[in-house]
Amino acid sequence: MTEGVKHRDIKLPDLLKDKYIELDLKEKEKTKLIAELVDIVVKSSRIKDGVLFKAILKREKLGSTAIGNGIAIPHVKIKGVKKPLLILGRSAEGVNFDALDGEKTYLFFMLISPQEEIGLHLKILAKISHLVKDKFVVERLKKVKDKHEIFEIISGFERYFK
């Protein structure tokens, strides 16, 4: 198990760092937006942009990670990653991300996990899915003014809706 992290103890706010939040994504096209999200990670980690970008695109070819209601959860497991990384991006205008409901996508939760941590990866995906099923939370995340509010919303959700 990754660096003493127990699956049941995983909390989304602990995975989400200030440097991995972008509330003003610029790109309007799916592939370019993925590159923009990858750039957020590459600036602050040792992950190589080409490896991550190709892995995310390969995963998207299997089926869009846009689950509807304005949400996408692009995710990959990559060799050499030591612990999970969670990136949150928001697009004010929305992007056609091939969502199941055919609508634009506004919120992007990108998860990067260690290749060998399948259970942990699935647990985090389940937590994100649980969070974004709450339409009130999603609407609040779409409207936040600063990164601090993101942590308040997600922490509050996890505290009251375990």
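Assorted remarks:
- The stretch 69-162: C-alpha pair distances exceeding 16 Å, %: 58 percent
- The stretch 71-125: C-alpha gyration tensor shape, a/c 1.5 cut-off, then a/b vs b/c: prolate
- Positive end of the dipole of the stretch 1-149 (Cβ unit charges, origin at the Cα centre): among Pro114, Leu15, Ser64, the Cα lying farthest that way belongs to Pro114.
- Percent antiparallel among DSSP beta bridges (both partners in the stretch 1-141, rounded to 5): 45 percent
- In the stretch 4-78, the inverse of the mean reciprocal separation of distinct Cα atoms equals 13.8 Å; this is its Kirkwood hydrodynamic radius.
- Relative compactness, the chain, computed as alpha-carbon Rg over 2.2 N^0.38 Å: 0.96
- Projected area, mean over directions - the stretch 111-151, Cα convex hull, nm²: 3.4 nm²
- Placing pseudo-labels 7 Å out from each Cα toward the beta carbon at Ala92 and Lys28 gives an inter-label distance of 1.4 nm.
The numbers here are math on the coordinates, done by the rules we state, and not lab data. A quick note: this is a predicted structure, and the numbers were derived from the prediction, not measured. Positions of Cβ are backbone-derived with ideal geometry, glycine not excepted, and every protein chain shown enters the neighbour counts.
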